[in-house]
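What follows is a set of notes on a single structure, which appears directly below.
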Amino acid sequence: MDFDDPSFGELLDALHDGVYITDAAGRTLKINRAYERLTGLRSEALVGRSMQDLVREGVISQSASLRVLKEGRPFSVTQSLGNGKQLLVSASPILEGDGRVRYVVSAVRDMTELLRMKHERDALQQLRQLRSSTARLHAPRDGLLQSPLVAGQEVSGAVFALARQVAASDVKVLLQGETGVGKTLVAQFIHRASPRAAEPFLSLNCGALPEHLVEAELFGYAPGAFTGASAKGKRGLLELANHGTLFLDEVGDLPLALQVKLLKVLEENRFIPVGGLELKEVDVRIVTATHRDLRQMVADGSFRADLYYRLNVVPIAIPPLRERRQDIRPLLDYYLAHFNARHRRELALSLEALDLLLDYAWPGNIRELINVVERLVVTCGGARIESTDLPEECRAHLEAAGEGGDLDLRRLVERTEREAIRRALQRHKTTRLAAKALGVSQATVVQKMKRWERSD
């Protein structure tokens, strides 16, 4: 083999890994440019020298070539150089026809680069696992907000139509409405209808944590950034939601100091973790929500005007449930079926109980409705939920009407008729016998039942 052949040298120099070739006596025959780059050692200082001398002089810590010559098989070692570098050397023998070693060829890689690649791979795996666990942590419990509020309802349909329209772009959306109206549902709908649907959707309630914890949760922190901080640091939701959507609920509760940092993210798509020095760049869509009047907060000086105008590009107002009464019945049906399945019940609402729930103002909106329905399913002792099973607040408005409040005589008469016919049917089983017991014709009972069925 002609080691001085220029073509052979060009071939070795084209390799990314370092190459070190010795003869059967351990004498250096050839190295390539990658080896010079990795080690800082020059060809002219090594070629012709024996590996034994290089180890003895401390140029290298140990020789894989010598181990191959001694044992006659491939061998790998971690090699330390005099300049402090760490190398991984994998040496293999080239044999003569009689089985004797003719040459030893070593492939040399920088351990620092290998470790960096390993750390990057491990960090990527950890990021994926953290994203997955964080997404589960911030997801609504058991999909309770995956309600039937979609197109088809006049008010809700308009909200979701606008949400679908803005989902296609990264325009900033500010969801406004009372607590419990379903702002999280709309934010999730925007994410699922957007080009980012395959990426993470994470959420943070800005009013649920103290200021320093909100900052740490949002921006992450460097190792040991504050008392009680993890020694390994923590990635913030902004980083975990990279390429996806971050939903900031109750953004009106965000402290002024954090409003400045959030504005920086919106303007430059980058931030510095708490206690850190490294500037991190992110590509994340931010959707915000609040039940507060941000415009008034700007006037009062408790919310930054520049941040308000950044967030309020497309405002979507979600009306309270009392203004969306056409949504109450489908919500009641949906969650009654949901909790019946969960708690292994087969409950139905009586006509009177249904009327009371339809008339109730629901000050806590959808969240209150969910809690009330689950409470009824768990606590009701019979096969049907009666008006007496309802929470006191759901019956209070009827009692107030009976005492001279907002009295609707037609509704009260209809409710009384419904309950009377229901009880008669339960006792007598057929419409004919029920009508006879009530002193009316069978046709009257059937017509009323059909009218109520259509109105429901």
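The values are calculated or read from the model by the stated rules, or taken from the named source; none is laboratory data. The structure displayed is predicted, hence computed values, not measured ones. All Cβ positions, even for glycine, are placed from backbone atoms using ideal geometry, and neighbour counts span all protein chains on display.
Of all residues being part of a loop (DSSP other than H, G, I, E, B) and modelled with pLDDT of 90 or more in the stretch 15-38, which is surrounded by the most Cβ atoms within 10 Å (Cβ to Cβ)? Just the residue, please.
The first filter runs over the stretch 15-38 and keeps only residues part of a loop (DSSP other than H, G, I, E, B), leaving 15-17, 24-26, 32.
Restricting the remaining residues to those that are modelled with pLDDT of 90 or more gives 24-26, 32.
Details: 24: 14, 25: 10, 26: 20, 32: 23.
Looking at residues that are part of a loop (DSSP other than H, G, I, E, B) and modelled with pLDDT of 90 or more, I get 32.
Residues are listed down the side, and each one gets a yes or a no for (1) outside the structural domain of residue 222 (by TED's automatic domain parsing); (2) touching a strand residue (DSSP E or B) at 6+ places or on another chain (Cβ under 9 Å); (3) closer than 24 Å to residue 192 by Cβ; (4) part of a loop (DSSP other than H, G, I, E, B):
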| site | (1), (2), (3), (4) |
| --- | --- |
| 277 | no, no, no, yes |
| 287 | no, yes, yes, no |
| 292 | no, yes, no, yes |
| 299 | no, no, no, no |
| 303 | no, no, no, yes |
| 306 | no, no, no, no |
| 315 | no, yes, yes, no |
| 328 | yes, no, no, no |
| 335 | yes, no, yes, no |
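Scan the stretch 243-261 for residues that are outside any helix (DSSP H, G or I) and crowded, with 18+ Cβ neighbours inside 10 Å and report the count.
Step one: of the stretch 243-261, the residues outside any helix (DSSP H, G or I) are 243-250, 254-255.
Subset that is crowded, with 18+ Cβ neighbours inside 10 Å: 244-250, 254.
Final tally of qualifying residues: 8.
Hey, does the stretch 67-80 have a residue that's in contact (Cβ under 8 Å) with a residue 24 or more places away in the chain, surrounded by 14 or more Cβ atoms within 10 Å (Cβ to Cβ) and touching a Pro at 6+ places or on another chain (Cβ under 9 Å)?
Yes - at least one qualifying residue is present in the stretch 67-80.
If you scan the stretch 357-371, which residues turn out to be aliphatic (A, V, I, L, M) and surrounded by fewer than 20 Cβ atoms within 10 Å (Cβ to Cβ)? Give the derivation first.
If we filter the stretch 357-371 for residues that are aliphatic (A, V, I, L, M), which is where we start, we get 357-358, 361, 366, 369-370.
Within the stretch 357-371, 358, 361 meet the criteria.
Given the condition farther than 23 Å from residue 269 by Cβ, of a type outside the set (S, T, N, Q) and in a loop (DSSP other than H, G, I, E, B), answer yes or no: does some residue in the stretch 230-239 qualify?
Yes, because at least one residue in the stretch 230-239 is farther than 23 Å from residue 269 by Cβ, of a type outside the set (S, T, N, Q) and in a loop (DSSP other than H, G, I, E, B).
Counting just the residues of the stretch 155-193 that are surrounded by fewer than 18 Cβ atoms within 10 Å (Cβ to Cβ) and either among the hydroxyl-bearing types (Ser, Thr, Tyr) or not assigned by TED's automatic domain parsing to the domain that holds residue 244 (or both), which one comes out nearest to the chain's Cα centre (by Cα)?
Restricting to residues being surrounded by fewer than 18 Cβ atoms within 10 Å (Cβ to Cβ) and either among the hydroxyl-bearing types (Ser, Thr, Tyr) or not assigned by TED's automatic domain parsing to the domain that holds residue 244 (or both), the top hit is 169.
Take the conditions modelled with pLDDT of 60 or more, surrounded by 14 or more Cβ atoms within 10 Å (Cβ to Cβ) and of a type in the set (Phe, Trp, Tyr) and apply them to residue 226. Does it pass?
Numbers: modelled with pLDDT of 60 or more: yes; surrounded by 14 or more Cβ atoms within 10 Å (Cβ to Cβ): no; of a type in the set (Phe, Trp, Tyr): yes.
Here the answer is no, as residue 226 does not meet what is asked.
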